[in-house]
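Novice: Mind having a look at this structure? Questions to follow.
The values are calculated or read from the model by the stated rules, or taken from the named source; none is laboratory data. Fair warning: this is a prediction, and the values are worked out from it, not measured in the lab. FYI the Cβ positions are ideal-geometry reconstructions off the backbone, even for glycines, and counts take in every protein chain you see. Ligands, DNA and RNA are stripped out before the accessible areas are found, and what is left, the full protein with its side chains, is counted by its heavy atoms. Shrake-Rupley method; radii C 1.70, N 1.55, O 1.52, S 1.80 Å.
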There are 2 protein chains.
Amino acid sequence: MPRLKLTYFDMPGRAEVTRLAFAIGGIAFDDHRLPRDQWPALKPTTPFLQIPILDVDGVVYSQSHAIERYAGTLSGLYPTTDALAALLVDEIVDFNEEILTLLIPARLEADPAAKRELTNALAAKPLPDKLALLEARLAATSAAKKSHGDGPWLLDAMSLADLAIHGIVDRLTSGWLPDMSPAIVDPYPRTMSIYHAVRMHPKVVAWYASKK
Amino acid sequence: MPRLKLTYFDMPGRAEVTRLAFAIGGIAFDDHRLPRDQWPALKPTTPFLQIPILDVDGVVYSQSHAIERYAGTLSGLYPTTDALAALLVDEIVDFNEEILTLLIPARLEADPAAKRELTNALAAKPLPDKLALLEARLAATSAAKKSHGDGPWLLDAMSLADLAIHGIVDRLTSGWLPDMSPAIVDPYPRTMSIYHAVRMHPKVVAWYASKK
């Protein structure tokens, strides 16, 4: 295995799918949590002036979803021999980015009253609309599963898509937007079953326990 | 090969990388150009209320970059057996999306004076900054090529990343933003060498000739 160092701030954000993929795959990596005050010095050295970055045997790579897919490949969570399964996974990863893009203005707003207003506007319609699309997509793709099994996963086994869905729910229920009611995710049982299944995965439980 | 139908508007936009990948790979597909007035009826039937969609043997998939990656896999333009090469390609595909996100407000602005102002603001700094990052990234990754060859490609052979770069340059030089000077891409020789190499590829030349 290559020598891996993931650099990101000490928060889930754009690094958590990669961290969980490595943890689930049992892939050793240096989980470097960058102190905020060190970011200005690091920034100009990064490929696109952004983190996360992943150092692989001394070579630096960038772009969170690109890094996620690499971590998923190393960890057996990304289908590399089934192009249609990969397409289903990629679709969810891209949709996760769409939801994140929708949320970012509220996240970045510093004024508490304006932040609350932006959050409430999201919760009123655009966000439930997106979550309903995701829920419907999970129902539709479930029919295409080879196993036709009872597992919660998008595919027959856990994949990067499930980690992305876990990330969406976590972002909405963890106080990342302080005014977002965690109940916003309640109407989406397939989405939530994936979230819970990721959260209760033994490797994920062990990972979070080790970080406390 | 599966039966493939790609549905998008009659413009390059978010479908062109996929179209060119199929054309280069010699993969037959139905290049369905949706008339604008048919979009309202189709929209509610699409997975995420968006096009492009790709119908594969009667099953519909969505998200442009997910579809691109699938097309690239079928066409031999996406590395499925070299995880680090895939990471390099994915990085550029994701960066292409960043540049597109930067340009969209100017593209969507209907008022000509406001559109010109937005375009000029992009051209003054944010866009050259992004293009310079891309150019530097191409220089840096070129050193990692196994062939250390003279080819313009990001990797040893043409890949989805090169088609994404072609798309960036095409968007900036084709009048997609009417007030953008095509000269904006001139300072970036590596980027332009990839653009020209894609454009002059025999399969691409034949593809565009067949569409006239």
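Novice: If you go through segment B:1-40, how many residues are in contact with a His (Cβ under 7 Å, 6 or more places away or on another chain) and in a helix (DSSP H, G or I)?
Specialist: Residues meeting the conditions: 1.
Novice: Kindly provide the set of residues from segment B:36-50 that are without any contact (Cβ under 8 Å) to a residue 24 or more places away in the chain and loosely packed, with under 15 Cβ neighbours inside 10 Å, ordered by number.
Specialist: B:D37, B:Q38, B:P40, B:A41, B:K43, B:P44, B:T45, B:L49
Novice: Among A:A106, A:A136, A:A140, A:A123, which is the only one that is open to solvent by 30 Å² or more (accessible area, probe 1.4 Å) and more than 10 Å from chain B (Cβ to nearest Cβ)?
Specialist: It is A:A123.
Novice: Does segment A:67-87 contain any residue that is without any contact (Cβ under 8 Å) to a residue 12 or more places away in the chain, more than 25 Å from A:A157 (Cβ to Cβ) and in the same structural domain as A:A157 (by the TED database)?
Specialist: Scanning segment A:67-87 turns up no residue that is without any contact (Cβ under 8 Å) to a residue 12 or more places away in the chain, more than 25 Å from A:A157 (Cβ to Cβ) and in the same structural domain as A:A157 (by the TED database).
Residue by residue, here is whether (1) open to solvent by 40 Å² or more (accessible area, probe 1.4 Å); (2) at pLDDT 95 or above; (3) assigned by the TED database to the domain that holds B:F22; (4) not basic (K, R) holds:
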{"position": "B:E91", "(1), (2), (3), (4)": "no, yes, no, yes"}
{"position": "B:A113", "(1), (2), (3), (4)": "yes, yes, no, yes"}
{"position": "B:D150", "(1), (2), (3), (4)": "yes, no, no, yes"}
{"position": "B:A164", "(1), (2), (3), (4)": "no, yes, no, yes"}
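Novice: Sticking with this one: Is it true that some residue in segment A:14-34 is free of Cβ contacts under 8 Å to residues at least 40 places away in the same chain, under 13 Å from the mean Cα position of the chain (by Cα) and more than 10 Å from chain B (Cβ to nearest Cβ)?
Specialist: no
Novice: Looking at this structure, is A:P52 over 19 Å from A:A164 (Cβ atoms) and at pLDDT 95 or above?
Specialist: Here the answer is no, as A:P52 does not meet what is asked.
Novice: Here's a follow-up. Condition check: of a type outside the set (A, V, I, L, M, F, W, C), surrounded by fewer than 20 Cβ atoms within 10 Å (Cβ to Cβ), touching a residue at least 60 places away in the same chain (Cβ under 8 Å) and part of a helix (DSSP H, G or I). Does B:K203 satisfy that?
Specialist: In short, yes.
Novice: If B:A197 meets every condition in (1) loosely packed, with under 15 Cβ neighbours inside 10 Å; (2) farther than 19 Å from B:I99 by Cα apart from one, which number is that one?
Specialist: (1) is the only condition that B:A197 fails.
Novice: In this structure, is A:L163 in contact (Cβ under 8 Å) with a residue 60 or more places away in the chain, closer than 22 Å to A:T80 by Cα and under 18 Å from the mean Cα position of the chain (by Cα)?
Specialist: For A:L163, the condition - in contact (Cβ under 8 Å) with a residue 60 or more places away in the chain, closer than 22 Å to A:T80 by Cα and under 18 Å from the mean Cα position of the chain (by Cα) - is met.
Novice: Further, regarding this structure: Can you work out which of the residues in segment A:77-89 that are aliphatic (A, V, I, L, M) and over 14 Å from B:F48 (Cα atoms) is surrounded by the fewest Cβ atoms within 10 Å (Cβ to Cβ)?
Specialist: Top of the filtered list is A:L84.
Novice: Output the residues belonging to segment A:51-76 that are facing chain B (nearest Cβ under 8 Å), open to solvent by 10 Å² or more (accessible area, probe 1.4 Å) and outside any helix (DSSP H, G or I).
Specialist: Matches in segment A:51-76: A:V59, A:Y61, A:Q63.
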